[in-house]
Amino acid sequence: MKKDITTIPISEVFEPKEGCPICCLRDMLESRLVEYVLGPSMMEPDVRMETNKLGFCSRHYGDLFSQRNKLPLALILESHLAHIKNSDLKRDTDLCFICQNVDSHTEKLLANLFALYGKEPAFRHLFSQQQLLCLPHYRLLTTRAKSKLNKKIQKDFLSACQSLAANHLKDLHRDITHFCSMFDWRSNSEDADWGTSKDAIERTIYFLTSRNV
Ligand SMILES: [Zn+2]
Ligand SMILES: [Zn+2]
């Protein structure tokens, strides 16, 4: 696989300060991999061998299927079915070529992130200014930090992660509580104020799962 497909400058992901930056990183990797699977990878026999063997999860089949040109996907499915037929229907349904690549490239990009965090005060500041960290990525970052950052920087990093996730959780909790209270008969008037709570369910599910409903 060509390196430029998965090369993403960390600052590009953090500069917009919108949503969870690690979700943004994952989304960029996913969309590049979808394009790659349906385009250039068709000409690379070693990658074709891998997609034939692994197949995809339902989310990523969905992404591949939503693209306009159906022929590359049909060709991949044709080879994948042939592979399953030849292996007596043995297929591990947890496997996915895109998930595997997103995971391995995320690890590499996180190594760049930690290196940057360790040496650049400006990046540490940019990190602390993010809008939020979703819960799955809060867990990912805080787990990895323990082996990737020295003690002093680690403390600073963990507390930055903590406030990004905890502050967002506090806002969500307030909004979802307000959302529930809107169903109380006392709020049942036309001018009842929803405040910022109208999409509290969607935002809460996103925070908990890192995916939009
Ligand atoms: Zn996230
Ligand atoms: Zn997948």
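Considering (1) touching a Lys or Arg at 6+ places or on another chain (Cβ under 7 Å); (2) more than 22 Å from Thr6 (Cα to Cα); (3) among the β-branched types (Val, Ile, Thr), the lone condition that Thr93 does not fulfil carries the number (1). Among the criteria (1) away from ligand 2 (no atom under 16 Å from the Cβ); (2) over 16 Å from Cys134 (Cα atoms), the one Arg32 does not fulfil is (1). When residues in segment 180-211 are screened for being away from ligand 2 (no atom under 16 Å from the Cβ), part of a loop (DSSP other than H, G, I, E, B) and not hydrophobic (A, V, I, L, M, F, W, C), 11 of them pass. Note on segment 133-162: among residues that are surrounded by 15 or more Cβ atoms within 10 Å (Cβ to Cβ) and of a type in the set (Gly, Ala, Ser), the one that is farthest from the chain's Cα centre (by Cα) is Ala160. For segment 23-79, a residue qualifies if it is at positive phi and acidic (Asp, Glu), but none of them does. Here Asp103 meets the list (1) under 30 Å from Met43 (Cα atoms); (2) touching an Asp or Glu at 6+ places or on another chain (Cβ under 9 Å) almost entirely, failing just condition (2). In summary, Gln100 fulfils each of the numbered conditions (1) over 18 Å from Ile5 (Cα atoms); (2) open to solvent by 60 Å² or more (accessible area, probe 1.4 Å); (3) of a type outside the set (Ser, Thr, Tyr); (4) within 13 Å of ligand 2 (Cβ to nearest atom) with the single exception of condition (1).
Restricting the search to segment 193-213, which residues are of a type in the set (A, V, I, L, M) and either surrounded by fewer than 12 Cβ atoms within 10 Å (Cβ to Cβ) or touching a Leu at 6+ places or on another chain (Cβ under 9 Å) (or both)?
Applying the first criterion (of a type in the set (A, V, I, L, M)) to segment 193-213 yields 200-201, 205, 208, 213.
Residues satisfying the conditions are Ala200, Leu208, Val213.
Leu95 falls short on exactly one of the conditions (1) within 16 Å of ligand 1 (Cβ to nearest atom); (2) in contact with a helix residue (DSSP H, G or I) (Cβ under 7 Å, 6 or more places away or on another chain); (3) not in a helix (DSSP H, G or I), and that condition is (1). Just give me the residues in segment 56-91 being in contact (Cβ under 8 Å) with a residue 24 or more places away in the chain, assigned to a loop (DSSP other than H, G, I, E, B) and open to solvent by less than 60 Å² (accessible area, probe 1.4 Å), in sequence order. Selection gives Phe56, Cys57. If you scan segment 24-53, which residues turn out to be within 15 Å of Leu73 (Cβ to Cβ) and either of a type in the set (S, T, N, Q) or open to solvent by 10 Å² or more (accessible area, probe 1.4 Å) (or both)? If the condition is that a residue be within 15 Å of Leu73 (Cβ to Cβ) and either of a type in the set (S, T, N, Q) or open to solvent by 10 Å² or more (accessible area, probe 1.4 Å) (or both), then Glu35, Leu38, Gly39, Pro40, Ser41, Met42, Arg48, Thr51, Asn52 are the ones that fit.
Within segment 115-132, if we keep just the residues that are crowded, with 16+ Cβ neighbours inside 10 Å and either in a loop (DSSP other than H, G, I, E, B) or acidic (Asp, Glu) (or both), the residue that is farthest from ligand 2 (Cβ to nearest atom) turns out to be Gln130.
Do we find that Asn167 is exposed (fewer than 14 other Cβ atoms within 10 Å of the Cβ), within 19 Å of Gly118 (Cα to Cα) and touching a residue at least 12 places away in the same chain (Cβ under 8 Å) in this structure? Taking the combined requirement at face value, the residue does not satisfy it.
Specify the residue that is modelled with the lowest pLDDT; the eligible residues are those in segment 9-23 that are closer than 20 Å to Arg211 by Cβ and surrounded by 18 or more Cβ atoms within 10 Å (Cβ to Cβ). My answer is Val13.
The values are calculated or read from the model by the stated rules, or taken from the named source; none is laboratory data. Quick caveat: nothing in here was measured; it's all calculated off a predicted structure. Using ideal geometry, Cβ is built from the backbone for each residue, glycine included, and neighbour counts are taken over all protein chains shown. Surface areas here come from the heavy atoms of the whole protein model, side chains and all, with no ligands, DNA or RNA. Shrake-Rupley method; radii C 1.70, N 1.55, O 1.52, S 1.80 Å.
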